[in-house]
1. If you line up the long axis of helix A:135-153 against the longest principal axis of chain A, both from Cα atoms, how many degrees apart are they, to the nearest 10?
2. Give the Rg (one decimal place) followed by the Dmax (whole number) of chain B, computed from C-alpha coordinates and expressed in Å.
3. Shortest first and in nm to one decimal, what separations exist between A:Gly80 and its copies in the other chains, measuring from label points 7 Å along the Cα-to-beta-carbon line?
4. In debye to the nearest 20, how big a dipole does the protein assembly as shown give about its Cα centre with +1 on each Lys and Arg Cβ and -1 on each Asp and Glu Cβ?
5. So which lysines can B:Lys39 reach, going by Cα to Cα under 23 Å and dropping same-chain residues fewer than 8 places off?
6. Say a label goes 7 Å from Cα toward Cβ at B:Arg95 in every copy; what distances in nm does this one have to the rest, shortest first?
7. With unit charges on the beta carbons (Lys and Arg positive, Asp and Glu negative) and the dipole taken about the Cα centre of region B:28-85, which residue among B:Gly76, B:Ile30, B:Met52 sits farthest to the positive side?
8. So which chymotrypsin sites (Phe, Trp or Tyr not before Pro) in region B:10-74 end up in coil per DSSP with only 16 or fewer other C-beta atoms within 10 Å?
Protein chains: 2
Amino acid sequence: MVAGPLPVPSGPGKDRLRLWIRLLRASRTIEAELRERLKKEFDTTLPRFDVMAALYRAPEGMLMSDLSRFLLVSNGNVTGIVDRLVSEGLVARARRNGDRRTSMVRLTEEGTKSFATIAAAHEGWIGELLGKVSEEDARRLTGMLTSFRSNWEGRE
Amino acid sequence: MVAGPLPVPSGPGKDRLRLWIRLLRASRTIEAELRERLKKEFDTTLPRFDVMAALYRAPEGMLMSDLSRFLLVSNGNVTGIVDRLVSEGLVARARRNGDRRTSMVRLTEEGTKSFATIAAAHEGWIGELLGKVSEEDARRLTGMLTSFRSNWEGRE
DNA sequence: ACATAAAACTTTAAGCTTGAAATATCTGAC
DNA sequence: GTCAGATATTTCAAGCTTAAAGTTTTATGT
């Protein structure tokens, strides 16, 4: 999947394959760098950061299934990550009266403060890691990826 | 990390952050789809596919450390995946006379045939999943990502 | 009301992933 | 030759990830 230096043979459809390979390598490269920095600087992980980022945008809280859908990961996965965040005091689960199957998950005060700090650093890192991409290219690329996303969601 | 529907606030540097988020969501979406199809259609996994793809391009074999570097994953990780592929008869390790620390890893005949089949399907999937991206956009996007990569490798 | 289905979540087993420590081998300085 | 350091790989512990199976609660049809 993460094919590299050697070129993909040319032919019909190869352009898209090449695009996918580059896309994957770019995101893995950046992801690896972020993972390392999160670990070194804040002793945390990317999945934890992802969950906290989602919750930060939803002060009223989120259901587990919302988190799962939003983060594009399985529901069982979210359970584990949230468990750990709860045990660290960064996240809280609140049982709901309306539906006792569900629980609202939200950042604690400590979690909110912690995330704000990390997010500021994170944004700086992205600026640095993507520094060579011009603002204009960034916007154009974003536009293409956005249209990919809309097409994707409308598929089937 | 995988922020979604809600827009990233505007401001300096936010364009790159937005780009990163879109990039990550696009690759995770495609990855999830490929993972599912590899499982359903060929009872295999993405990491196995990655390793086999790398070895397919190197008929003479690769060192473990080459695989690790090439796939952008840790060396310990590669050990486990190759172990499993070996136990399935798809990959073979060959001790080298010159340096007994290393071993050349290569696809077996069965592994080669198996990969060829899967790779053909894989290419078709990518063509389908990225079908809405025009060939021209695909080339332009690839170009931008390639220049990101060169910049990255030249950093530090 | 009751059975049945659907929904939300957790648990489980297997595999992936990392960073760090351990092992084995090789290279170079002396 | 030998010993220190470098190199290649494996092992290990902890955590992430998925798909599938299980649990509890809610909704629905009759």
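The values are calculated or read from the model by the stated rules, or taken from the named source; none is laboratory data. Everything numeric in this text was worked out from a predicted model, so none of it was measured. Cβ placement follows ideal geometry from the backbone for every residue including glycine, while neighbour counts extend to all protein chains displayed. When the accessible area is computed, the model is the full protein with side chains, heavy atoms only, and any ligands, DNA or RNA have been set aside. Shrake-Rupley method; radii C 1.70, N 1.55, O 1.52, S 1.80 Å.
1. Relative to chain A, helix A:135-153 is tipped by roughly 70 degrees.
2. Gyration radius and largest Cα-Cα distance of chain B: 18.7, 60 Å.
3. The answer, with the shortest distance listed first, is 1.0 nm.
4. On the way: 52 positive and 42 negative charges, 44 e Å.
It comes to approximately 200 debye.
5. Of all the lysines, those that pass the test against B:Lys39 - Cα under 23 Å, at least 8 places apart if same chain - are B:Lys113.
6. Relative to the other copies, B:Arg95 has label-point distances of 6.2 nm.
7. B:Ile30
8. none
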